[in-house]
1. Return yes or no: is SER16 among the small types (Gly, Ala, Ser), at pLDDT 95 or above and within 16 Å of the chain's Cα centre (by Cα)?
2. Is there any pair with a first residue in region 99-128 that is more than 18 Å from HIS34 (Cα to Cα) and modelled with pLDDT of 95 or more and a second that is open to solvent by 10 Å² or more (accessible area, probe 1.4 Å) and part of a loop (DSSP other than H, G, I, E, B) whose Cβ atoms are under 6 Å apart and which are 6 or more apart or on different chains, and what are they?
3. Answer with yes or no whether GLU82 is surrounded by fewer than 20 Cβ atoms within 10 Å (Cβ to Cβ) and either within 16 Å of ligand 2 (Cβ to nearest atom) or of a type in the set (Phe, Trp, Tyr) (or both).
4. Only one of VAL92, VAL110, VAL131, VAL135 is open to solvent by less than 10 Å² (accessible area, probe 1.4 Å) and out of contact with any His (no Cβ under 7 Å at 6 or more places or on another chain); which?
5. Residues of region 154-190 being of a type in the set (Gly, Ala, Ser) and touching a residue at least 12 places away in the same chain (Cβ under 8 Å), which ones?
6. Given (1) at positive phi; (2) in contact with an Asp or Glu (Cβ under 6 Å, 6 or more places away or on another chain), identify the lone condition not met by ILE194.
7. So ASP39 passes all but one of these: (1) closer than 28 Å to LEU163 by Cβ; (2) in contact with a Ser or Thr (Cβ under 7 Å, 6 or more places away or on another chain); (3) open to solvent by 30 Å² or more (accessible area, probe 1.4 Å). Which condition number does it fail?
8. Within region 30-126, which strands (runs of 3 or more DSSP E) (wholly inside it) include 3 or more residues that are in contact with a Gly (Cβ under 7 Å, 6 or more places away or on another chain)?
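The values are calculated or read from the model by the stated rules, or taken from the named source; none is laboratory data. Owing to the predicted nature of the structure, the values given are computational and were not obtained by experimental measurement. Please note: Cβ atoms are built from the backbone with ideal geometry, for glycine as well, and neighbour counts cover all protein chains shown. Surface areas here come from the heavy atoms of the whole protein model, side chains and all, with no ligands, DNA or RNA. Shrake-Rupley method; radii C 1.70, N 1.55, O 1.52, S 1.80 Å.
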Amino acid sequence: MRDIRIAPSLLSADFSRLGEAIKTVEDAGVTMLHVDVMDGHFVPNITFGPIIVKAIRKLAKSDLDVHLMISDPATYLERFVEAGASYVTFHVEAIAEAGPLLARARALGVKAGIAINPETSLDVARPVLEVSDLVVMMTVHPGFGGRSFIRDAVPKIKALYDLREAEGYGFEIEVDGGVDLETAPLVARAGGDILVTGVAVFKSEDPAAAVRAIAEAARHG
Ligand code: DX5
Ligand code: ZN
């Protein structure tokens, strides 16, 4: 049985009861929370910045996986690290050269990674795979929770997994977008180690049961 982690995306949680939402999923076994930062420029939606990440850090025991969907990650990296990120990922589409920023993030003591949109080729990521702790494969167009899962992105997860095995790279593979009971087994089989899930957990009637069911489906599906 592979060790697959479920990382609930707080984007779909009730922000007026955030502490409760976090406790509920942590009690269900969650050790990583996905935190979606959007700037209204890289994606057409705005969420929150470092001060909210700092508040989440106080409420949570889990690792905070900060997904920067912002046009200028280089300017804001340090602020998110200071706010309490454990993992920081930024988009290869947002930056000309990812290598130096990954190195800077790692030097600050966080795990660093890149995120890749569904239509972006893996070739763009290849030069930095060796220096990435995490690679986020988007299975929706980023910007909002609850978007429809893009099945065509699944073979790319498998291709990334095969590349990692062939080259002996050390990064974890995270799958982000549209992961639910039905799609979790697909992306787990393709090679996902960390599955982000927003709507399927926080908009369900019983988020704790949803986390357990999706984890079970991913591990045994
Ligand atoms: C999409 C975000 C995702 C999203 C996942 O822009 O990066 O993390 O919140 O949520 P669901 O599972 O609802 O697609
Ligand atoms: Zn995300």
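1. Numbers: among the small types (Gly, Ala, Ser): yes; at pLDDT 95 or above: yes; within 16 Å of the chain's Cα centre (by Cα): no.
Considered against the rule, which asks whether it is among the small types (Gly, Ala, Ser), at pLDDT 95 or above and within 16 Å of the chain's Cα centre (by Cα), SER16 comes out as no.
2. Listed by first residue and then by second, the contacts come to PRO118/ILE150.
3. Numbers: surrounded by fewer than 20 Cβ atoms within 10 Å (Cβ to Cβ): yes; either within 16 Å of ligand 2 (Cβ to nearest atom) or of a type in the set (Phe, Trp, Tyr) (or both): no.
For GLU82, the condition - surrounded by fewer than 20 Cβ atoms within 10 Å (Cβ to Cβ) and either within 16 Å of ligand 2 (Cβ to nearest atom) or of a type in the set (Phe, Trp, Tyr) (or both) - is not met.
4. Details: VAL92 fails: open to solvent by less than 10 Å² (accessible area, probe 1.4 Å); VAL110 fails: open to solvent by less than 10 Å² (accessible area, probe 1.4 Å); VAL131 fails: open to solvent by less than 10 Å² (accessible area, probe 1.4 Å).
On inspection, the qualifying residue turns out to be VAL135.
5. Initial filter on region 154-190 (of a type in the set (Gly, Ala, Ser)): 159, 166, 168, 170, 177-178, 184, 188, 190.
The answer is ALA159, GLY170, GLY177, GLY178, ALA184, ALA188, ALA190.
6. Status for ILE194: all satisfied but (1).
7. Checking ASP39 against (1) closer than 28 Å to LEU163 by Cβ; (2) in contact with a Ser or Thr (Cβ under 7 Å, 6 or more places away or on another chain); (3) open to solvent by 30 Å² or more (accessible area, probe 1.4 Å), the one that fails is (1).
8. Details: elements: 32-38, 63-69, 87-91, 111-116.
Ranges flagged: none.
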